[in-house]
Amino acid sequence: MAQPKNDVMDKIVSLCKRRGLIFQSSDIYGGLANSWDYGPLGAELKRNVKDAWWRAAVHYRDDMVGLDSGIIVHPTTWKASGHTDNFYDVLVDCKKCKRRFRVDHIGDTCPNCGSKDFTEGRAFNLMFKTYLGAVADEGSVAYLRPETAQGIFLNFNNVINSSRKKLPFGIAQIGKSFRNEVTAGNFTFRMREFEQMEIEYFTRPEDAETCYREWLRQRFDWYIQLGIKKENLQLRAHGSDELAHYARACSDIEYNFPFGWSELEGVANRGDFDLKQHSQFSGVDLQYHDQVAQKKFFPYVIEPSGGVDRATLAFLVDAYHEEVVEGRNRVVLKLSKDLAPIKVAVLPLLKKKEDIVSMAKKLKKDLQKDLVCVYDDTAAIGKLYRRQDEIGTVFCVTVDVQSLEDQCVTVRNRDTMEQERVAVDQLHAYLTDKLKN
Ligand code: GAP
């Protein structure tokens, strides 16, 4: 029977806390709104999401390079990018129940109490303000970046001059961004401090449209390749009234979250807005010099911009399965093997038998050089399997009495639950091969 969607979300939030994937930030102080921490397993999962993205965006391509720019940049950056003047949410308060909403998130009716009586809208800039140096005055104002993209534009000339890239080429960056989100989010979907994975792909203006379509296709496919079910993913083109001030076209890649279809990533055609603006505000020429045609021009920019936290949440939601096996409920995270936080768990069948324990520990030590492994002997085998299933461990290796005699172990597959006997001296090759293909 299909479960109510909110029920699924509650179960995932609870699993995340119980198993150390995601914790409420500052919970000993009562929590901090829209802020979450990644626990031991969540840190592994999130790293795997970022590594998979970096491989696809940088390592597997000839036309891309990476960058790691700062969170705080010259404050004029945000004037030039339009964030100081345009990066606002318009907020209204319901006069009856006093709840605060973003105007673009509600119609004319309060989602909490049904009233239609609101205060006038007030514009609220989303950037976090801080001060550089010892004196906190208007002259020392700086901002925590609300997107990683601008660091890429600021380094456009540096990258061209140092890497000698020719058009079309792109610069990829993963890093923290900060937005003073005022409305409560759905778990990690909307956070104040989050990570983005952004690409700025520079192209000739006449190729921009084709390039935009190609990036949309590639980014959509990336989620599918990492295990998201196709029916849970859709593209939604922005209407002209919805486009950001810099965008000529934009489409969102949306995921069917338990709380509804919501944006995972945006792919935008930013035209030549950014490089032009920064040239104008800095006085430095950021045009591309085409040495063959002997002409200079501002390239167009195609920007696939995704959130690490939203992608991680979508992978978790999509992987969450409940099934009944031999009359018992089994919760299993069917994460792709690239994303699973733990690849192999080594489990001794009898923890009181020293030979078994030492064989299992030795196996773990050997495997952990190449694979993320755990050793667990703190429960009976049925319980140990269930613990590993609910965090998505791809393989469980069990050492039993027989193993001491025949030097073979049992390898159990998370998804099929099939078990296979594998010779100890073949185990490393067997597992690395299965985890690669
Ligand atoms: N440079 C373009 C840009 O920043 P955006 O649509 O505002 O565009 C891109 O953000 C992605 O960053 C979103 O698709 C989302 O995945 C992620 N993101 C944005 N705000 C977020 C928030 N408050 N919490 C978590 N992720 C967020």
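The values are calculated or read from the model by the stated rules, or taken from the named source; none is laboratory data. The model shown is predicted, which means the values in this text are computed figures rather than measured ones. All Cβ positions, glycine included, derive from the backbone under ideal geometry; neighbour counts span all protein chains shown. Note: areas computed on protein heavy atoms with side chains; ligands, DNA, RNA excluded. Shrake-Rupley method; radii C 1.70, N 1.55, O 1.52, S 1.80 Å.
Residues that are polar (S, T, N, Q), near the ligand (Cβ under 9 Å from one of its atoms) and assigned by TED's automatic domain parsing to the domain that holds GLN24 occur in the range 181-200; there is at least one. When we screen VAL90, VAL58 for residues that are of a type in the set (Val, Ile, Thr) and either part of a strand (DSSP E or B) or surrounded by fewer than 18 Cβ atoms within 10 Å (Cβ to Cβ) (or both), the only hit is VAL90. Residue count for the range 236-261, restricted to those that are surrounded by 14 or more Cβ atoms within 10 Å (Cβ to Cβ), out of contact with any helix residue (DSSP H, G or I) (no Cβ under 7 Å at 6 or more places or on another chain) and outside any strand (DSSP E or B): 5. A Cβ distance below 6 Å, combined with a sequence gap of six or more or placement on separate chains, defines the contacts here; from the range 143-162, residues that are part of a loop (DSSP other than H, G, I, E, B) reach residues that are of a type in the set (Lys, Arg) in the pairs PRO146/ARG179. Assessment of the range 147-157 against the conditions (modelled with pLDDT of 95 or more, within 28 Å of PHE101 (Cα to Cα) and either open to solvent by 50 Å² or more (accessible area, probe 1.4 Å) or aliphatic (A, V, I, L, M) (or both)) yields at least one matching residue.
Going through (1) more than 18 Å from GLU147 (Cα to Cα); (2) assigned to a strand (DSSP E or B) one by one, TRP222 falls short only on (2).
Out of all the residues in the range 262-277, which are away from the ligand (no atom under 13 Å from the Cβ) and either open to solvent by less than 20 Å² (accessible area, probe 1.4 Å) or without any contact (Cβ under 8 Å) to a residue 60 or more places away in the chain (or both)? Hits for the range 262-277 are GLY271, LEU275, LYS276.
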